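Computed from the coordinates by the stated procedures, all read-outs in this text should not be read as laboratory data. Remember, predicted model here, so these are calculated numbers, not experimental data. For neighbour counting, all protein chains shown are included, and Cβ atoms are generated from backbone atoms with ideal geometry for every residue, glycine included.
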Ligand code: SF4
Ligand code: SF4
């Protein structure tokens, strides 16, 4: 499959497939630039167990279990592969895969 921009130029979408939970600092930058609701901030306890979705101003500490926040790709199918999230991540913890490799 080939992809084109509006003027007919070749374009390869690079889809966000995962975020490394060990290196993500939960800064929220990727979420802010994404127009497709692909990822959400989640609370994590000290053992790495996912507690649930949190918002930036959410005061919920999950009954004292909250240890840190990380971004998770929980709606991967909505990604259009624009690559905006990769440009703002300060920790280089995202994995993107070119469209032709995902289709293979
Ligand atoms: S590549 Fe674009 S659409 Fe996909 S998750 Fe990143 S910002 Fe959102
Ligand atoms: S921009 Fe990077 S470090 Fe920040 S929440 Fe997104 S994946 Fe995590």
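Assuming R0 = 22 Å, what is the FRET efficiency of residue 33 and residue 62, from their Cβ-Cβ distance, to the nearest 0.05?
0.25
Defining a contact as two alpha carbons under 8 Å apart and six or more residues distant in sequence, what relative contact order in percent does the chain show?
Across the chain, relative contact order equals 40 percent.
The chain: D in µm²/s via Stokes-Einstein (Kirkwood Rh, Cα pairs, 10 °C, 1.306 mPa s)? All intermediate terms of the calculation are to be shown ahead of the outcome.
Details: Rh = 14.8 Å.
Reported coefficient: 108 µm²/s.
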